[in-house]
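Report on one structure; see the data block that follows.
The values are calculated or read from the model by the stated rules, or taken from the named source; none is laboratory data. Keep in mind it's a predicted model, so treat the numbers as computed, not measured. All Cβ positions, glycine included, derive from the backbone under ideal geometry; neighbour counts span all protein chains shown.
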Amino acid sequence: MVLALALFLFMLPIYLMVNISLKNMTQIFSVPPFSAWQITYANYAYILGWTDFPKYFVNSVIISGCSTLMALALGVPAAYSFARFKFRRSEDLSFFILSTRMAPPIGVVIPLFLVYQEVGLYDTYLGLILVYVTLGLALVVWLMKGFFRNIPVELYEAAVIDGCSRLDAFLRIDLPLCAPGLVATAILSIMFNWNEFLMALVLTGYERKPLPVVMYGFVTTLSVDWGRLCATAVIVVLPIIFFALIVQKYIVAGLTLGAVKG
Amino acid sequence: MKFEVSLVLPCIILLLGMTIFPFFFCVYISLTNWTPPSPAGFVGVLNYVAALSDPVFYGNILRTLTFTGVGVATETVLGIGLATLLNRQFRGRAIVRSIFILPLAITPVVVGELWRILFHYDFGWINYFLRTVGVPPVVWLGSAQHALASCILVDIWQWTPFMTLVALAGLQSVPAEPIEAARIDGASDFAIFFRVTLPLMQNVVFVGLMFRVVDSLKAFDIIFALTGGGPGNSSQTLNLATYLQAFFYFRFYDSATYAIVLYLIVLIFTMIFVRAMRRMGIE
Amino acid sequence: MSQEKKEEKKVSRRSYLKYAGAGVVVVAVAGVGGYYATLPAPAPPTPSSTTVPVTTAPVTTAPVTTASMTPTYTLKAFDPRFQSWLEGTATELEDLFSQATIDWTQAKGQTVKLICMTDHMIDPLLDLVPIFQAHTGITVIPDRYAETELRDKTYMDLMTGTGLYDVVYTGDEMVNAFAKPHVIEDISPMLKDTSVTDTKFTDPSDVMNLDPCRYLAEYGGDNDIYMWPISAHSTILNWHKAKLAENGLSGPPETFDQLMDYASKCKRSDKGYYGFCMRGKRGQGTNMYLWPAFLWGFGGRFFDEKYVPQLDKPEAIQATKFYADILINYGPPGTADYDFSEDLTETAQGKVAMSIDDPVLSAWLFDPTRSTTVGEWWFGTHPGGPAGWFPAEASWDFAISTKSKAKTASWLLLQFWASVPSLSYTHMTTYHAANRKSCLDNPGYKQEFAKYNNLADVYAKSIAKASPTYRPKIPEWKAVGDTMGAYLSSAIAGEISAEAANKGMQTDVYAIMEKAGYYK
């Protein structure tokens, strides 16, 4: 049916990627593309045997993970505040937050580079994390704002009447109810950070380079090392899929909304 | 301090701290003729005037708008459609949903290279399929007519899952009662979708749409990897030009100028969006 | 009510668990990361004996005492096929060190931070680093990037003076752009200093392409050397003997007219190959790497004495017309976007009868992991026009940043890498042709290159003919070249005529030069 067709079309390049990662150089451009080829694991062996690879992998995990957590920690309360409470200047403030995402990265990256040199944040985890949190906050705040608005206020008010503190009500009622939104936001946030390139390139060096910068290294002047590039891509994308699979179970929508009726 | 404001404050402080200096620096540079390492000389709005009298500049803007318009519209429609399909119960749903985010999850450089192979005139899969069904093959990346279209195609491929994910989350927070009520009232599936489900999703979908527009106007990674600006200038967008000016021509002042102009364009779009959202009652 | 509370508790517990789990994962990962971050750099080997050798080299200064460290190192070739070559090279290098004319340990304990490329040229150089570190006690930290990113970061570091790197890897087209504002170090004084320059390793007269690394007087410089070349690049013609033969042709075309003629005869869609291909992609290093050969060949030039561009002259237009015509008529479709890798694919898979590109491509035609037509290609020098033949000139070089705090150490590293054994190993394993004359006499190198038909011969001729000013070495070249490349690419795509392309080039380049202050 339609879904299968859509899946086929979307997954075709993915299939290509896995396909290439298992071939060697001369077979990549065979015509017709589906002619028989030999599976070779040489590309994967190279990547996994590369002594520096764990370092870059760890860099990516730390940077993406911490940035997402921090963005969520800062952004979710802010989004809640914007959604629930009307205070002076709330619209302006939320628009300001949105505006931070509007700047083209290239205009921003050069002054950041210069400043980071001065304050010693160049090639550090903290430096890049701060930048990613800055970029990701807008998404977190506005997406979660939308999700929070969907949740009826009555539940929260009922809890407050029952004697919960505002913080408690927030943690026990509103947060779990917007779990699908929270999960979606987290996944998107992690993916943006995981794949971000320009800031990572300029603001890191030998020590804290994350994976996207490293992977660009396969695109050399003279030829693209397709086999290794795709093998790396497959290895790099697996944690994200893994993460998405795990958090799938926490998207329980209809179930919790049933609590509205009580 | 009020509870509500204190929730927002850490956010604001961080953002202010991180963005003030870069922003003013960028504005300042756009008013100079800085080509490092020579010191910057103030030239006022000369750069902006030069840009406004440069036909390539207008071409860049036009291409950026086309890229965003076509791309985001398609992604939204497809995304919402796919989300409805994915919302049904079927076996292996969790796995399918996880796989579906793959286009979004793959590093842009790999996406660029993969599609370069797919688009290859002689060896590419797309032309292979076209030939098999008897359609003459197309020069995708090497021709001026199709370079931008190819970039848009890849953008759609990569970002529809974003809209799908957002729409799916939106769908799942739609309460069941209004839909049931409408069904009891005898409304058709079609009507239910357009008049009940969609408006209930609109909070979330609209935000997703807005972000897509903002990001798409600033699209860089894919276009750079695929065509680098295309044959001639045919796939050069404003953000790409900003990068090229800075790192290829070493004209940081032009780069800053384009960046500010792009920022203003995005600002205008966003303001339109937010105003529309307020009027629609989303805000 | 209790049912609800239970559900609430379940839900909130779940979310707590989720956060706790995430927190644990983060802590664990941070722990691992911290562990990696705190791993100490490999300690330099400790010298186990110190001997004072009798120096037999003729020295004009006082006899040099060279403290020798017993070299302990393990060598691992980047490709297992080359392990034996690596060990042979190590023996040759040990030989050189035993005859050293300087104290190689004079910069002991320093660190050289280097930014270079991820391509295969650097792999063999890095293979040799353990030998260097063992003999000098200098730690080398290479930071590798792809070419575009390399240029970006190098430029940003040098021009903003942040001093992140001691040694940079760049092309000789940047020599004036970097030498003028003094961001790279002048090497000539170091060459004259016999306490830091080892004559056994370094011999300027032996290097074939040192001139392009000079800051030439005609650009306002002092003619000193500012970069040291590791490789020499040019353009040569690859022609497929069998394909030309089956179209009644023997031998490579030598003039532009012949080239066009052969290309037309060799376009055989019935046999599934095209006549000719070369780079069309816009860029000063892509299509503008090949175009000047036609400009000079037809008798044109880029600028006059006052730096006014001459791109709307008939010779320049003819160059563009030729370039676009041959590709449009006899080349594969989509050449407007062709870069080295597309040329390689088409040539190595036998989809074209002729192509012009870097000699590296030619050598790779003999690499079975890259080519399905091994041994079938022969080579000719770049065809010429009425004004002669003009092969391209380019090189990849190392330069020392003026902000470096380890300049002597950096120079030692450069000398080590530019020595005959090192270059022989590097070029053999990457299928390049070396840029030192002595390498041609290196037995291993000679043996390897004998397999490449007449490549070595054509290469030597081309390097000798290549002129440092093949592409203008002005700091604005990047902007100029990229602008011109965009127009050329449009012409190849058939969007605009050659006349229109050149007119556009002329206007835009004039504007660039004017803005840069050439016409005051």
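Contact map, region A:102-117: residues that are touching a residue at least 60 places away in the same chain (Cβ under 8 Å) paired with residues that are among the acidic types (Asp, Glu), Cβ distance under 9 Å, separation 6+ or inter-chain. Pairs shown: A:PRO105/A:GLU196; A:TYR116/A:ASP123.
Kindly indicate whether any position in region C:238-254 is surrounded by fewer than 19 Cβ atoms within 10 Å (Cβ to Cβ) and of a type in the set (Lys, Arg). Checked against the condition, which is being surrounded by fewer than 19 Cβ atoms within 10 Å (Cβ to Cβ) and of a type in the set (Lys, Arg), region C:238-254 yields at least one hit. For C:ALA433, the conditions (1) in a helix (DSSP H, G or I); (2) within 15 Å of the chain's Cα centre (by Cα) all hold with the exception of (1). Take the conditions (1) in a helix (DSSP H, G or I); (2) closer than 22 Å to B:ARG97 by Cα; B:VAL174 misses just one of them, which is (1). Would region A:69-87 turn up any residue that is at pLDDT below 85, at the interface with chain B (Cβ under 7 Å from one of its Cβ atoms), assigned to a loop (DSSP other than H, G, I, E, B) and surrounded by fewer than 19 Cβ atoms within 10 Å (Cβ to Cβ)? Yes, region A:69-87 has at least one match. Take the conditions surrounded by 15 or more Cβ atoms within 10 Å (Cβ to Cβ), facing another protein chain (nearest Cβ under 7 Å) and among the polar types (S, T, N, Q) and apply them to B:SER150. Does it pass? When the stated conditions are applied, B:SER150 does not pass them.
Restricting region B:103-148 to residues that are closer than 24 Å to C:ALA491 by Cβ and of a type in the set (Gly, Ala, Ser) leaves a set whose member that is modelled with the lowest pLDDT is B:GLY142. Every condition in (1) within 11 Å of chain A (Cβ to nearest Cβ); (2) of a type outside the set (Phe, Trp, Tyr); (3) buried (at least 21 other Cβ atoms within 10 Å of the Cβ); (4) touching a residue at least 12 places away in the same chain (Cβ under 8 Å) is met by B:ALA246 except one, and the failing one is (4). If you check A:TYR132, A:TYR156, A:TYR122 for being part of a loop (DSSP other than H, G, I, E, B) and more than 7 Å from chain B (Cβ to nearest Cβ), only one passes: A:TYR122.
Helices (runs of 4 or more DSSP H) fully within region B:185-238 that include at least 3 residues being of a type outside the set (A, V, I, L, M, F, W, C) and away from chain C (no Cβ under 14 Å): B:198-217. Residues in region A:216-238 that are touching a helix residue (DSSP H, G or I) at 6+ places or on another chain (Cβ under 9 Å), more than 9 Å from chain C (Cβ to nearest Cβ) and either surrounded by 24 or more Cβ atoms within 10 Å (Cβ to Cβ) or of a type outside the set (D, E, K, R) (or both): A:TRP226, A:GLY227, A:LEU229, A:CYS230, A:ALA231, A:THR232, A:ALA233, A:VAL234, A:ILE235, A:VAL236, A:VAL237. If you go through region C:265-306 and keep only what is in contact with a Leu (Cβ under 9 Å, 6 or more places away or on another chain), surrounded by 18 or more Cβ atoms within 10 Å (Cβ to Cβ) and modelled with pLDDT of 90 or more, you end up with C:CYS266, C:PHE276, C:CYS277, C:MET278, C:ARG279, C:GLY280, C:ASN287, C:MET288, C:TRP291, C:LEU295, C:GLY300, C:PHE302.
Specify the residue that is surrounded by the most Cβ atoms within 10 Å (Cβ to Cβ); the eligible residues are those in region A:193-213 that are hydrophobic (A, V, I, L, M, F, W, C) and at the interface with another protein chain (Cβ under 9 Å from one of its Cβ atoms).
A:VAL213
The set of residues from region C:392-421 being closer than 18 Å to C:CYS213 by Cβ, in a loop (DSSP other than H, G, I, E, B) and of a type outside the set (S, T, N, Q) comprises C:ALA392, C:GLU393, C:ALA418. Each residue in region C:97-132 was checked for being surrounded by fewer than 21 Cβ atoms within 10 Å (Cβ to Cβ) and in contact with a Pro (Cβ under 7 Å, 6 or more places away or on another chain), and 1 pass.
Out of C:LYS461, C:LYS465, C:LYS503, one residue alone is farther than 16 Å from C:PRO292 by Cβ, in contact with a strand residue (DSSP E or B) (Cβ under 8 Å, 6 or more places away or on another chain) and more than 10 Å from every other protein chain (Cβ to nearest Cβ). It is C:LYS461.
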